[in-house]
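Enquirer: Sharing a structure with you now.
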Amino acid sequence: MREAQFLAAVGVDGIIVQGTEAGGHRGHFMSDHLGDQMDTLSLIRSVGPRVDVPLIAAGGVVDPASVAAAMSAGASGVQVGTAFLRCTEATTSLLHRAAIDEQPERGTAVTNLFTGRPARGIVNRVMREIGEFSDDAPMFPLAAGAMSELRAAAEKKGEMISHPSGAALEFRTKKPRRRLILPANFQPLFNLSLFLTSAAAAISASSEAATIFRFITRQPAST
C-alpha cells in the first residue's frame, strides 16, 4: 500500500499491482516482510481508492475470466506471465514446459535460494532439502552464481534447477496466444496480431518477462 502511494506521489503513469499469486521475483521495495502481501484482486481493491493512476493487475491472470475479474476489481489492464509460456507459439523449452505441467502436483512457493531475492517458483528437490528460505543464500544477485554448477549438472541430466511460476493451476492448457486471454467475442480497436507474436517470443525467453495488455472493452464506433 505504501509503495503504491509513493509511486503515485512521484508521478508514475501507472502501477503494476503484484499479488501473491504472481510468479518470479517479488516486486516490493519498501519492506522485506512477505506477510504484507495480498492476493491480486484484494490488492487492487485496496490500492484503487488510494491512488489516482491506472492499475495493472499481475498474478493469477490466465484466461478471459481472470482478466474480467481483475478489470471488475478496478484494474485498467493486466500483466500476463507464466500462462504465456504454455502457448502453442511460445518457444519455451521442453524442460520448462514439463515443469509447468507438473506444477499442480508439486505446488509453488516463494524462495530466496536461486537468486538471493524472494521469488515464486515450482517446488523442487533443492527447495525440499534445503528449505524454501535460507540465511546462507548469498545476497541478490550473487546466489544465481553460487547455484551455477548445480544448475549445469541438473540440466545435463534433463532437469531444471529453477522453475519460476505463478501459483494458478490453469497453466496446463495449451492454446494459441490469442485464445488464452481474450474472450471469444472480443473486438479490439487495433490489430493485436503482431503485438501478441512479439509478446509470446519475448516471454518464452524469460519466465519472469511479462506483457502488459490494456483491454478496451467497448466496441468500435459504427461509421
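The values are calculated or read from the model by the stated rules, or taken from the named source; none is laboratory data. Since the structure is predicted, the reported quantities are computational estimates derived from the model, not experimental observations. Here the Cβ positions follow ideal geometry from the backbone for every residue, glycine too, while neighbour counts run over all protein chains shown.
Enquirer: Using the structure shown, decide if Gly60 is surrounded by fewer than 20 Cβ atoms within 10 Å (Cβ to Cβ) and under 23 Å from Pro164 (Cα atoms).
Expert: Numbers: surrounded by fewer than 20 Cβ atoms within 10 Å (Cβ to Cβ): no; under 23 Å from Pro164 (Cα atoms): yes.
Against the criterion (surrounded by fewer than 20 Cβ atoms within 10 Å (Cβ to Cβ) and under 23 Å from Pro164 (Cα atoms)), Gly60 does not qualify.
Enquirer: Within the group Ala22, Ala8, which residue is outside the structural domain of Gln103 (by TED's automatic domain parsing), under 16 Å from Ala119 (Cα atoms), in contact (Cβ under 8 Å) with a residue 12 or more places away in the chain and in contact with a strand residue (DSSP E or B) (Cβ under 9 Å, 6 or more places away or on another chain)?
Expert: Ala22
Enquirer: Using the structure shown, decide if Gly81 is in the same structural domain as Gly14 (by TED's automatic domain parsing) and either farther than 17 Å from Val61 by Cα or of a type outside the set (Ser, Thr, Tyr) (or both). Explain how you work it out, then say what you get.
Expert: Details: in the same structural domain as Gly14 (by TED's automatic domain parsing): yes; either farther than 17 Å from Val61 by Cα or of a type outside the set (Ser, Thr, Tyr) (or both): yes.
Criteria met by Gly81.
Enquirer: If you scan segment 103-116, which residues turn out to be in a loop (DSSP other than H, G, I, E, B) and either crowded, with 17+ Cβ neighbours inside 10 Å or without any contact (Cβ under 8 Å) to a residue 12 or more places away in the chain (or both)?
Expert: Asn112, Leu113, Phe114, Thr115, Gly116
Enquirer: Filter segment 37-57 for residues that are without any contact (Cβ under 8 Å) to a residue 24 or more places away in the chain and within 21 Å of Gly81 (Cβ to Cβ); which is surrounded by the most Cβ atoms within 10 Å (Cβ to Cβ)?
Expert: First, pick out the residues of segment 37-57 that are without any contact (Cβ under 8 Å) to a residue 24 or more places away in the chain: 37-39, 42, 49.
Going one step further and asking which of them are within 21 Å of Gly81 (Cβ to Cβ), we end up with 37-39, 42.
On the way: Gln37: 20, Met38: 17, Asp39: 14, Ser42: 13.
Ranking the candidates gives Gln37 first.
Enquirer: Turning to a different aspect of this structure: Which condition from (1) assigned to a loop (DSSP other than H, G, I, E, B); (2) under 17 Å from Ala22 (Cα atoms) is the one that Ala99 breaks?
Expert: Exception for Ala99: condition (1).
Enquirer: Can you give me the number of residues within segment 136-158 that are in contact (Cβ under 8 Å) with a residue 12 or more places away in the chain, within 17 Å of Val123 (Cβ to Cβ) and surrounded by 15 or more Cβ atoms within 10 Å (Cβ to Cβ)?
Expert: Summing the residues that are in contact (Cβ under 8 Å) with a residue 12 or more places away in the chain, within 17 Å of Val123 (Cβ to Cβ) and surrounded by 15 or more Cβ atoms within 10 Å (Cβ to Cβ) in segment 136-158 gives 2.
Enquirer: Another question, then. Which of the numbered conditions does Ile122 fail, given that it passes all the others? Conditions: (1) farther than 21 Å from Met38 by Cβ; (2) surrounded by fewer than 18 Cβ atoms within 10 Å (Cβ to Cβ).
Expert: (2)
Enquirer: Then there's this: Would you confirm whether any residue within segment 31-48 is farther than 20 Å from Ser66 by Cα and at pLDDT 90 or above?
Expert: Within segment 31-48, not a single residue is farther than 20 Å from Ser66 by Cα and at pLDDT 90 or above.
Enquirer: Here's a follow-up. Being farther than 25 Å from His33 by Cβ and either part of a strand (DSSP E or B) or of a type in the set (S, T, N, Q) (or both) is the filter here; which residues of segment 125-163 pass it?
Expert: Ser148
Enquirer: Can you work out which of the residues in segment 154-175 that are over 16 Å from Arg106 (Cβ atoms) and in contact with a helix residue (DSSP H, G or I) (Cβ under 9 Å, 6 or more places away or on another chain) is modelled with the lowest pLDDT?
Expert: Thr173
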